[in-house]
Amino acid sequence: MANKFIIGGIAGDIIGSVYEFHNVKTQDFKMFGYGSDFTDDSVLTVATMHSINDGKFDYGNSYREFGTAYPGRGYGSGFMSWLYSKDGKGLSYGNGSGMRVSPVGWAFDTIEEVLEQAKRSAETSHGHEEGIKGAQAVAAAVFMARTGSTKNDIKDFTAETFGYDMSKSCDEIRPTYGFEENCQNSVPQAITAFLESSDYENAVRLAISLGGDSDTIADMTGAIAEAFYKEVPEAIMKKTMKILDGRLANEVMEFSDNYGY
């Protein structure tokens, strides 16, 4: 049994869930507010874990299986159209591809494998170029963070590989940042929050303080921060695992046993 669960992205989602439509532009907020719960971000992150746990890497079937098993968790309209369609692939560029991909950054041993698997996970329902880029950027950041890259390395790779503008600080982003559900206007912001952080909790607080799609930004930031700092505070980890139901928690435990730190 893993001593630590790979829970950083899921915890960020749960913490951010109550602030998605009630943004706070401050880092001074209650970590687990009234009604904190897992959303589609957590469900589909666990679905990615499941597709890796079973060794089939059949992301599309996993997303359909978990998406239909956990309805009403805040799925985007593009994903919902794909979920109940008979088409093989969707063309969304929503940030759903980035919020669910973090397990890929833990499970593979080279950046080339990570980028390829992130693409495979995205193109099921988020086959637009920006949807694929968003997934690859988050997965690459997780991989680089867990394998010893510096923050400057991660920032430079993100800017050069994906063409994201990484020049603005959180203080510059925050005043005018609004609700954005696409990858190109939420993935760079999530990575920036990680880059400016001092530890896991600070990373999540920075992410949520930006406003916008708070649960998803905190999910992506939290996943990268966990990989970099190799820690989620025990109280946050325990609370997160308690909020998940048995099926989701068991998938997290299995994935952590196989790929944890």
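Would you grab the residues whose amide H sits under 5 Å from the one on His126? Only those 5+ places off in sequence or on another chain, please, with H modelled 1.01 Å from N.
Gly90, Ser92
Helix-derived [θ] at 222 nm for the chain: sum -39500 (n - 2.57) over DSSP H runs of at least 4, divide by residue count, nearest 500?
Values: 15 runs with 157 residues, N = 261.
So the helix-based figure for the chain works out to -18000 deg cm²/dmol.
Under a cut-off of 16 Å between alpha-carbon atoms, report the lysines in cross-link reach of Lys239, not counting same-chain residues fewer than 8 places apart.
Result set, ordered by chain and number: Lys4, Lys30.
Which of the listed residues, Met80, Ser214, Asn250, is farthest toward the dipole's positive end in the chain, when Lys, Arg count +1 and Asp, Glu count -1 at the beta-carbon?
Asn250
Size of the dipole of the stretch 80-174 about the Cα centre, Lys and Arg at +1 and Asp and Glu at -1 on the beta carbon, nothing else charged, in debye to 20? Each step should come with its number before you reach the end.
Working: 11 positive and 14 negative charges, 74 e Å.
Here the size comes out at about 360 debye.
Give me the dipole magnitude in Debye, nearest 20, for the chain about the Cα centre, with unit charges on the beta carbon: positive for Lys and Arg, negative for Asp and Glu. Present the calculation step by step, with values, prior to reporting the outcome.
Details: 23 positive and 38 negative charges, 78 e Å.
Around 380 debye, computed over the chain.
Lysines near Lys119 by alpha-carbon distance under 22 Å, same-chain residues fewer than 8 away left out - which ones?
In chain and number order, the partners are Lys56, Lys86, Lys89, Lys133, Lys155.
I'd like to know how the stretch 8-259 sits against the 2.2 N^0.38 Å rule of thumb: what's its Cα Rg over that expected value? Before the final figure, lay out each step's value.
Details: Rg = 16.0 Å, N = 252, 2.2 N^0.38 = 18.0 Å.
Cα-based Rg divided by the globular estimate yields 0.89.
Every read-out reported here was derived from the displayed coordinates using simple, explicitly stated rules and does not represent laboratory data. On a predicted model such as this, the values are computed, not experimentally measured, just so you know. Neighbour counts are summed over all protein chains in view; Cβ atoms, including those assigned to glycine, are modelled from backbone coordinates with ideal geometry.
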